[in-house]
Amino acid sequence: LQMLACPARPEFADQVTGEQFSKLLDYLRNIYAYIVIDTASYLSETVQTALDCADFIVLITTQEIAAIKNCNLFLGLADASGIRRDHIIFVMNKHDRRIGISPEKVGESLRQEVSVVFPLEERVVTPSINRGVPFVLENKAAAVSRAIGSLAEILQKRIETLDEPVAEGAARK
């Protein structure tokens, strides 16, 4: 695992063009089997480039109305940009059962099934962040750790479909 960090000063990130970022991604694809990009939550030229190059997009929301609204805007943009919905893995983070906004309702409303739900487990996650120790290593039995495992399984299965040979004359969806 290697990480390419952000520039030392945020204003330098604005100087990277979509074309430069695309060239970087092409170069990295020659070196690495998998590339994970954690983008900003707003659409910039480099974020659009990352989305255009992505095999899969993990779209994360929470139960807050503003977050759901932003996901709805993103999904509309994805539809308009030709990003296929089956390439989007929709995740609900910090799910609190006491709140009436369920993953099922959100998925139904946005016409995008919520594939994985990360439960709100502050007693597991917050100490892990504060100590810098991944909770999936420290507390494998926690529901949030199992949810991370579920997301990994979904991604693994989808990646395997990319590696399957396409029959001659058949087009990949």
Once you have a ≥ b ≥ c as the square roots of the Cα gyration tensor eigenvalues for the range 71-129, tell me rounded if a/c is under 1.5, and otherwise prolate or oblate according to whether a/b is larger than b/c. prolate
Per-pair calculated FRET efficiency, R0 = 25 Å: LEU43 and GLN2 via Cβ, rounded to 0.05: 0.40
Can you give the charge dipole size of the range 45-108 about its Cα centre, rounded to the nearest 20 debye, using +1 on the beta carbon of Lys and Arg and -1 on the beta carbon of Asp and Glu? 320 debye
Toward the positive end of the charge dipole of the chain, about the Cα centre and with charges on Cβ (Lys, Arg +1; Asp, Glu -1), which of LEU151, GLY82, VAL58 goes farthest? LEU151
What does the highest-first list of 110-119, 8-17 look like by mean Cβ count within 10 Å? 110-119, 8-17
Per residue, how large is the accessible surface of the range 80-131? Use a 1.4 angstrom probe and give square angstrom. 65 Å²
Gap separating the Cα centres of the range 104-133 and the range 39-100, nearest whole Å: 14 Å
Cα-centred dipole magnitude for the range 30-173, charges only on beta-carbon of K, R (+1) and D, E (-1), debye, nearest 20: 460 debye
For the chain, which whole percent of the accessible surface, found with a 1.4 angstrom probe, sits on carbon and sulfur atoms? 55 percent
Collect residues whose amide H, placed 1.01 Å from N in the peptide plane, falls under 5 Å from the amide H of ILE57; neighbours closer than 5 in sequence don't count. ILE88, ILE89
Equivalent-ellipsoid semi-axes of the chain, from the Cα gyration tensor, Å, largest first: 27, 22, 19
Have a look at ILE31, ALA142, VAL114 and report the one farthest towards the positive end of the charge dipole of the chain, computed about the Cα centre with Cβ charges (Lys/Arg +1, Asp/Glu -1). ALA142
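The values are calculated or read from the model by the stated rules, or taken from the named source; none is laboratory data. Please read these numbers as outputs of a predicted model, since none were measured by experiment. Neighbour counts are summed over all protein chains in view; Cβ atoms, including those assigned to glycine, are modelled from backbone coordinates with ideal geometry. Accessible surface is based on the protein model in full, side chains and every heavy atom, while ligands, DNA and RNA are left aside. Shrake-Rupley method; radii C 1.70, N 1.55, O 1.52, S 1.80 Å.
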